[in-house]
Amino acid sequence: MNNKKRTSLKILILLPVFILGALSIICNVMAINNIRTVNSNASDIADNSMKSVSDLGEIKNEIQSIHNLGLSHIIATDLNTMISVVGEINDEQEELEQKLTEYKKYVSEDDEDIYDSLVGNYQTMKYELGNLMAYSALGKNEEAYAIANGAVNDSSIAIQKDIGVLSEHANESAANARQGLSKVYFSSLVSNGIVIIVSVILIIVAIYCVMKYIITQSPQLIKISGILSKE
């Protein structure tokens, strides 16, 4: 009978300790998973969403620069200046085409049509710029201005609209990633709060068991041990 009591007492005291240990392990595992999720979402914001917006801004600036250089070719007064402007336009176009190619990795399935529209409008603008410079080189400035204010300008406006749509989607993606971070943060607070509350309860239970079944009974145990030793 005494053995059963001792076994029950041990279980009663050790059970909260074991539960505390299990909670500690679970809490650490949850913390690691939360850290991984936060890192993944943060990386997505930094490496994809924000970089995508930044690259679109650079593409937009390149388009505007090429358009302006086309106008500079028309107002050039000598052949050397025209040749210099053509060289600048070619350099800008090469850089822009490289950026468009690199941006492809950020394009989702939903944005493929917009991206294709952007590339198509750029190709139209590039072709019309060639016509513009050909007329300008021949001294046909009126025809060159007509192309600049017509086809080239229309293509530039269409490109700006495509960039605007892609930028909007990229910002939405970043906002969704930020919401994911907020959810992970909130769930971490809730789970950690629950673990803390349960831990405090278990500590109180453990202290109560120790106080009631060990400390309060220690004098009696000592007394009984003394009597037994005398006998």
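Of the residues TYR103, TYR135, TYR122, TYR115, which is touching a Lys or Arg at 6+ places or on another chain (Cβ under 8 Å), hydroxyl-bearing (Ser, Thr, Tyr) and either more than 20 Å from HIS67 (Cα to Cα) or surrounded by 15 or more Cβ atoms within 10 Å (Cβ to Cβ) (or both)?
Residue meeting the stated conditions: TYR115.
Residues in segment 133-145: is at least one closer than 30 Å to MET50 by Cα and either in a helix (DSSP H, G or I) or modelled with pLDDT of 90 or more (or both)?
Within segment 133-145, none of the residues are closer than 30 Å to MET50 by Cα and either in a helix (DSSP H, G or I) or modelled with pLDDT of 90 or more (or both).
Please verify whether segment 127-137 includes one or more residues that are among the acidic types (Asp, Glu) and under 18 Å from GLU88 (Cα atoms).
The answer is yes; a qualifying residue exists.
What about ALA177, is it closer than 30 Å to ILE59 by Cβ and either at pLDDT 90 or above or out of contact with any helix residue (DSSP H, G or I) (no Cβ under 7 Å at 6 or more places or on another chain) (or both)?
Against the criterion (closer than 30 Å to ILE59 by Cβ and either at pLDDT 90 or above or out of contact with any helix residue (DSSP H, G or I) (no Cβ under 7 Å at 6 or more places or on another chain) (or both)), ALA177 does not qualify.
Of these, ILE214, ILE163, ILE207, which one is over 30 Å from SER54 (Cβ atoms), of a type in the set (Val, Ile, Thr) and either at pLDDT 70 or above or surrounded by 13 or more Cβ atoms within 10 Å (Cβ to Cβ) (or both)?
Step by step, each of ILE214, ILE163, ILE207 is checked, and only ILE207 is over 30 Å from SER54 (Cβ atoms), of a type in the set (Val, Ile, Thr) and either at pLDDT 70 or above or surrounded by 13 or more Cβ atoms within 10 Å (Cβ to Cβ) (or both).
The values are calculated or read from the model by the stated rules, or taken from the named source; none is laboratory data. Treat the numbers as computed from the prediction; the structure is a model and nothing was measured. Methodologically, a virtual Cβ is constructed for each residue, glycine included, from the backbone with ideal geometry; neighbour enumeration extends over all protein chains shown.
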